[in-house]
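The values are calculated or read from the model by the stated rules, or taken from the named source; none is laboratory data. From a predicted model like this one, the values you see are computed outputs, not experimental measurements. Note that each Cβ is placed from the backbone with ideal geometry, even for glycine, and that neighbours are counted across all protein chains shown. Side chains included, ligands, DNA and RNA excluded: accessible areas come from the protein's heavy atoms. Shrake-Rupley method; radii C 1.70, N 1.55, O 1.52, S 1.80 Å.
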Amino acid sequence: MITTDIKLAASFLTAGEVVAIPTETVYGLAGNIYNDAALERIFRIKKRPMTNPLIVHIPKLEAIDRIAKDIPEMAWKLGRQFWPGALTMVLPKQSHISGIVSAGKSTVAVRVPDHPVTQELLGMLNFPLAAPSANSSGYISPTTALHVYNDLNEKVPLILDGGPCNKGIESTILGFEDGEPVVYRMGSIPVEAIEKVTGKIRRKVSTSNVPIAPGMFDKHYAPHTPFVITDDIHKTLFSFAVKFEHIGLMIYGELPELTDHKTAIIFQLSLTGSMEEAAQRLYDGMHQLDAMELDLIIALRFPETALGNSLNDRLQRASFQHG
Ligand code: AMP
Ligand code: MG
């Protein structure tokens with residue numbers, strides 16, 4: 001069931017149910033961090049491997065030391081700068097944080113979401129919410145209540161509708177190793193913006209098809225339709241049009257020349273070429289094209305600066321299953 005009733009969502013969560021919640025990044029599948037049965041249900045519904053930990057969502061920075069310990073001064077500084085917002089920090093966990101949340105690790109991922117509905121919800125609860133993205137493991141992340149409904153409706157008792165997600169891609173994940181910040185996942189906040197506070201940050205994210213650590217570059221965020229990335233829509237369309245009849249294009253900016261293939265379905269991410277707008281619409285584009293039973297989706301690569309890098313990361317993951 002889809003609702004806009006925040007009190008109803010709070011009562012479900014208090015009763016140990018899981019609820020899909022809006023955030024500014026993507027929709028999350030949330031449960032009480034102190035209720036192991038609810039946490040287990042999150043993994044079961046998503047078919048998420050128990051080895052992949054969840055993010056803890058807290059109402060404000062000041063609540064962080066009930067979740068994490070040995071918090072470096074830099075983490076406080078980043079929290080003050082970026083929270084509420086799409087920065088997730090991985091920190092040593094307090095011992096009472098369930099090993100289900102942390103997938104057995106000694107660390108916990110935590111952030112303050114920047115969404116008025118979920119802020120209000122967190123304010124009504126006397127526990128934080130553990131929430132990974134509200135999609136079946138490996139499938140495209142949801143950025144509307146309808147995306148969640150289409151993927152998980154039979155399995156999720158309640159979906160709290162807070163409108164389309166404002167940022168549209170997942171949070172940037174940052175850890176600390178030997179006191180130094182390390183990026184684990186590129187995301188909604190460009191690494192360059194964080195580096196303005198921290199100085200140069202080491203990146204431990206894989207940008208190729210070769211994972212640097214197990215699980216880091218799993219098939220992820222991927223449509224069922226074969227998905228390729230290109231720098232030249234016209235050329236790629238020309239070469240694939242021989243083999244594939246129904247082709248979808250995910251583009252931004254100027255429309256490509258379609259003389260070879262006038263029947264291609266076009267999803268325009270941003271007419272003005274805005275990276276922020278493209279991020280907002282990226283997963284909706286993937287969902288919509290994936291529902292059209294196309295033979296192939298061709299996506300235009302983004303410029304390799306700031307948010308463009310995070311968007312390219314998501315395109316690459318979407319194409320990964322197909323080599
Ligand atoms: P999702 O919200 O679906 O994007 O999933 C949460 C993300 O946070 C996953 O990519 C996890 O691997 C990552 N994560 C959560 N906890 C930790 C942790 N303790 N160390 C490293 N990554 C984490
Ligand atoms: Mg996810």
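Subtracting the Cα-Cα distance from 0.36 nm times the residue separation, let me have the gained length for SER239 to LYS155 in nm, one decimal.
Taking SER239 through LYS155 to full extension adds about 26.1 nm, to one decimal.
Pick out which of ALA75, ALA279, ALA20 has the largest mean-square fluctuation in a Gaussian network model of the chain, springs linking Cα atoms closer than 10 Å.
Greatest mean-square fluctuation among the candidates belongs to ALA75.
Please report the relative contact order for region 38-133, taking Cα pairs under 8 Å with a sequence separation of at least 6, and give it as a percent rounded to a whole number.
41
For region 1-69, which whole percent of the accessible surface, found with a 1.4 angstrom probe, sits on carbon and sulfur atoms?
C and S atoms contribute 54 percent here.
Karplus couplings for region 81-89 from phi (6.51 cos²θ - 1.76 cosθ + 1.60, θ = phi - 60°), rounded to Hz, Gly and Pro as x?
7, 10, 9, x, x, 8, 10, 9, 10
Quick one: Karplus J couplings for region 228-240, per residue in order, coefficients 6.51, -1.76, 1.60, θ = phi - 60°, nearest Hz, x for Gly and Pro?
10, 10, 9, 9, 9, 4, 4, 5, 5, 4, 4, 6, 8
Amide H to amide H under 5 Å from ARG203: which residues, 5+ apart in sequence or cross-chain, H placed 1.01 Å off N in plane?
VAL183
Could you bin all the Cα-Cα distances of region 234-309 into 10 Å bins starting at 0 and give me the percent of pairs in each, rounded to whole numbers?
Bin by bin from 0 Å, the calculated values are 19, 51, 28, 3.
How large, in Å, is the chain by the Kirkwood hydrodynamic radius built from its alpha-carbon pairs?
It works out to 20.1 Å.
Rounded to the nearest whole Å², what accessible area per residue is found for the chain with the 1.4 Å probe?
Roughly 43 Å² per residue, with all protein chains present.
Would you kindly state how much longer the chain becomes between VAL182 and ASN52 on full extension, computed as 0.36 nm times their sequence separation minus their alpha carbon distance, in nm to one decimal?
Result for the pair: 45.0 nm of gain on full extension.
Quote the charge dipole size of the chain about the Cα centre in Debye, to the nearest 20; the model charges only the Cβ of Lys and Arg (+1) and of Asp and Glu (-1).
Values: 30 positive and 35 negative charges, 168 e Å.
In total the dipole reaches around 800 debye.
Using a 1.4 angstrom probe on heavy atoms only, work out the carbon and sulfur share of the accessible area of region 124-209 in %.
48
Order MET186, MET124 by their accessible area, 1.4 angstrom probe, all chains in place, largest first. Walk me through the numbers before you get to the answer.
On the way: MET186 15, MET124 80 Å².
Per-residue accessible area, sorted high to low, gives MET124, MET186.
Could you pull out the pairs from LYS7/LYS93; LYS93/LYS200; LYS69/LYS200; LYS60/LYS196 whose alpha carbons sit more than 28 Å apart here?
Working: LYS7/LYS93 30 Å; LYS93/LYS200 25 Å; LYS69/LYS200 24 Å; LYS60/LYS196 22 Å.
As for pairs spanning more than 28 Å Cα to Cα, those are LYS7/LYS93.
Give me the net charge for the shell around LEU282: Cβ to Cβ below 15 angstrom, other residues only, Lys and Arg +1, Asp and Glu -1.
On the way: positive: LYS167, ARG281, ARG301, ARG314, ARG317; negative: GLU24, GLU170, GLU276, GLU277, ASP284, ASP290, ASP313.
Its environment carries a net charge of -2.
Pop a pseudo-label 7 angstrom from the Cα along the beta-carbon direction at both ASP70 and MET1 and give the gap in nm to one decimal.
Simple spin-label model gives 4.6 nm for this pair.
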